[in-house]
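A.B. asks: Please read through the structure below; I'll follow up with questions.
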Amino acid sequence: MSALEMSTKHLLGIKYITREDIDLIFSTAENFKEVINRPIKKVPSLRDITIANLFFENSTRTRISFELAEKRLSADVVNFSASSSSVKKGETLLDTVNNILSMKVDMIVMRHPAPGAHAFLANHIDVNIINAGDGTHEHPTQALLDAFSMREKLGDLKGKKVVIVGDILHSRVALSNIFCLKKLGAEVMVCGPPTLIPKHIKMLGVEVSYNIREALEWCDVANVLRIQLERQDIKYIPSLREYSSYFGIDLELLNSLKKDIIIMHPGPINRGVELSGDVADSEHSIILDQVENGVAIRMAVLYLLASKRNVIKA
Ligand code: CP
């Protein structure tokens, strides 16, 4: 049974929320998914609430998804992009945020390249903070929308087998997915080249495979990640071509398995590297369902945190 309110005032990471929080987010997101499929997609839940979306790193899906979620809840929205801001002139993160908050902002959604940036801010400011990705650490709303999408296809995730494939070492999506799936009772495996699998990952209770066929034969769902070249200061793989020949998933490989599996990807996809285009566009793929569900999940998180903090006005 779901709790009635979130146990935390921020969403800093999946590590810091409970199984009951996840169930509450999912049941709330189910209601909001129904709302956004109506001809009139808007509800007044966050009317007179102002939310600042602070993106210190590039984003397509997360940024648009949060903005749509906020607008569908009738919030007032301001968007900030580091590349066109006074951060370029040397302003600190805390000064930037305090200046924005003094304009009567009620909640902050932030993506930042530094792991822990959100936890640091949470110690210094009083409004709700939602982590939209902090470096290689966590991306909690991505993990929630991933698990919600798996649950739509498979039902209860207890005992379901999920493999996360690719650049685990640099992936905030991998870490948040592991925390979320383990809290929901799923079995989790990671698969990739040894150089891109963290040494002590088994301490999180996951299996490790270095063989893509073995991993795909094992799983019900493969969540496939991009190689994050922008976070790699040294060479972890000889070339993308070699990575693709050992770990890339194409239709021939999928069709040779003994069962059908679900293919997921958080985006952006590098077609022809981790997934062939025909797999990304095939009936195995629920990639666009993930994107659709992202709006409902983010509406749920915004609504529940605003309710928790009495930000919602009577
Ligand atoms: N999945 C994801 O975080 O995508 P963006 O980087 O486009 O937001």
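Derivation of every value follows stated rules applied to the coordinates shown; laboratory data play no part. Please read these numbers as outputs of a predicted model, since none were measured by experiment. In this analysis, Cβ positions are derived from the backbone assuming ideal geometry, glycine residues included, and neighbour counts consider all displayed protein chains.
A.B. asks: Dipole size in debye (nearest 20) for segment 140-288 around its Cα centre, Lys and Arg Cβ +1, Asp and Glu Cβ -1? If you can, show how the numbers build up before the last one.
C.D. replies: Numbers: 18 positive and 19 negative charges, 113 e Å.
Dipole of segment 140-288, to the nearest 20 debye: 540 debye.
A.B. asks: Would you grab the residues whose amide H sits under 5 Å from the one on Gly272? Only those 5+ places off in sequence or on another chain, please, with H modelled 1.01 Å from N.
C.D. replies: Gly277
A.B. asks: Shape call for segment 1-86 from the C-alpha gyration tensor, a ≥ b ≥ c root eigenvalues: rounded (a/c under 1.5), prolate (a/b greater than b/c) or oblate?
C.D. replies: oblate
A.B. asks: When the chain is treated as a GNM, springs tying every alpha-carbon pair under 10 Å, which of Pro193, Pro268, Pro113 comes out with the largest mean-square fluctuation?
C.D. replies: Between Pro193, Pro268, Pro113, it is Pro268 that shows the largest mean-square fluctuation.
A.B. asks: Sequence-distant or interchain residues sharing an amide H contact under 5 Å with Ile262, placed H: which?
C.D. replies: Here Val221, Ala222 satisfy the definition.
A.B. asks: In terms of the Cα gyration tensor, with a ≥ b ≥ c the square roots of its eigenvalues, is segment 127-219 rounded because a/c is under 1.5, prolate because a/b exceeds b/c, or oblate?
C.D. replies: oblate
A.B. asks: A further question follows. Evaluate E = 1/(1 + (r/R0)^6) for Ala3 and His200, where r is the Cβ-Cβ distance and R0 equals 30 Å; express this FRET efficiency to the nearest 0.05.
C.D. replies: It comes out at approximately 0.40.
A.B. asks: Quick one: which residues, 5 or more positions from Ala186 or on another chain, have an amide H under 5 Å from its amide H? H modelled 1.01 Å from N in the peptide plane, none for Pro or chain starts.
C.D. replies: Excluding prolines and chain starts, which carry no amide H, the hits are Gly159.
A.B. asks: Still on this structure, please answer the following. State the answer as a single residue: which of Ile17, Gln232, Tyr210 lies farthest towards the positive end of the charge dipole of the chain, with beta carbon charges of +1 for Lys and Arg and -1 for Asp and Glu, about the Cα centre.
C.D. replies: With unit charges placed on the Cβ atoms, the residue in question is Ile17.
A.B. asks: If contacts are Cα pairs under 8 angstrom and at least 6 residues apart, what is the relative contact order of segment 140-288 in percent?
C.D. replies: Over segment 140-288, the number comes to 23 percent.
A.B. asks: Right, something else. If you take every DSSP beta bridge fully contained in segment 140-288, what fraction is antiparallel? Give it as a percent rounded to 5.
C.D. replies: Antiparallel bridges make up about 0 percent of those DSSP assigns within segment 140-288.
A.B. asks: With an 8 Å Cα cut-off and a minimum separation of 6 or more residues, compute the relative contact order for the chain in percent. Could the numbers behind the result be given before it?
C.D. replies: Working: 575 pairs, mean separation 66.4, N = 314.
Once normalised by length, the contact order is 21 percent.
A.B. asks: In whole Hz, what ³J(HN,Hα) sequence does segment 266-277 give by Karplus (6.51, -1.76, 1.60; θ = phi - 60°), x for Gly and Pro?
C.D. replies: x, x, x, 7, 9, 4, x, 9, 7, 9, 6, x
A.B. asks: In debye to the nearest 20, how big a dipole does segment 233-314 give about its Cα centre with +1 on each Lys and Arg Cβ and -1 on each Asp and Glu Cβ? Intermediate results must be reported in sequence, preceding the final value.
C.D. replies: On the way: 9 positive and 11 negative charges, 146 e Å.
Charge dipole, segment 233-314, about its Cα centre: 700 debye, nearest 20.
A.B. asks: Let me ask you something else. By a straight-distance test (C-alpha under 17 Å), which lysines pair with Lys41 as possible cross-link partners, with residues fewer than eight away in the same chain excluded?
C.D. replies: Excluding near neighbours in sequence, the set is Lys33, Lys71.
A.B. asks: Order the peptides 244-251, 170-177 from the highest to the lowest mean number of other Cβ atoms within 10 Å of their residues.
C.D. replies: 170-177, 244-251
A.B. asks: Between Ser81 and Asp23, take the C-beta separation as r, use R0 = 41 Å, and let me know the FRET efficiency to the nearest 0.05.
C.D. replies: 0.75
A.B. asks: With +1 on each Lys and Arg Cβ and -1 on each Asp and Glu Cβ, and nothing else charged, work out how big the dipole of segment 143-218 is about its Cα centre, in Debye to the nearest 20.
C.D. replies: Approximately 200 debye in magnitude.
A.B. asks: Shifting gears a bit: Can you give me the span-like helices of the chain, meaning DSSP H runs with 24 Å or more of Cα extent along the axis and Kyte-Doolittle mean at or above -0.5?
C.D. replies: Going by DSSP H runs, the hits are 19-36, 287-308.
A.B. asks: Label-point separation (nm) for Ser282 and Thr92, each offset 7 Å from Cα along Cα-to-Cβ?
C.D. replies: 5.2
A.B. asks: Could you give each residue of segment 159-168 its phi-based ³J(HN,Hα) in whole Hz, using Karplus coefficients 6.51, -1.76, 1.60 with θ = phi - 60°, and x for Gly or Pro?
C.D. replies: Computed from phi, the couplings for segment 159-168 are x, 6, 10, 10, 9, 9, 10, x, 8, 5 Hz.
A.B. asks: A further question follows. Rounded if a/c is under 1.5, else prolate if a/b is larger than b/c, else oblate: which is segment 200-279, with a ≥ b ≥ c the root eigenvalues of its Cα gyration tensor? Spell out each step's value before the answer.
C.D. replies: On the way: a/c = 1.73, a/b = 1.17, b/c = 1.48.
The shape class here is oblate.
A.B. asks: Determine the sum of side-chain charges near Glu57: Lys and Arg each +1, Asp and Glu each -1, restricted to other residues whose C-beta is under 12 angstrom from that of Glu57.
C.D. replies: Overall, the nearby charge balance is +2.
A.B. asks: Please order Phe66, Phe179 by the number of other Cβ within 10 Å, starting at the fewest. Present the calculation step by step, with values, prior to reporting the outcome.
C.D. replies: Numbers: Phe66 27, Phe179 21.
Arranged by neighbour count, lowest to highest, Phe66, Phe179 become Phe179, Phe66.
A.B. asks: Take the chain, compute every pairwise Cα distance, and split them into 10 Å bins from 0; I just need the percent in each bin.
C.D. replies: 6, 28, 34, 23, 9, 1
A.B. asks: R0 = 30 Å: FRET efficiency of Lys153 with Asp126, Cβ-based, nearest 0.05?
C.D. replies: Computed FRET efficiency for Lys153 and Asp126 comes out at 0.15.
A.B. asks: OK, next. What does a probe at Leu101 reach in segment 47-64, counting residues whose amide N is under 19 Å from the point 7 Å along Cα→Cβ?
C.D. replies: It comes to 49-56, nothing else.
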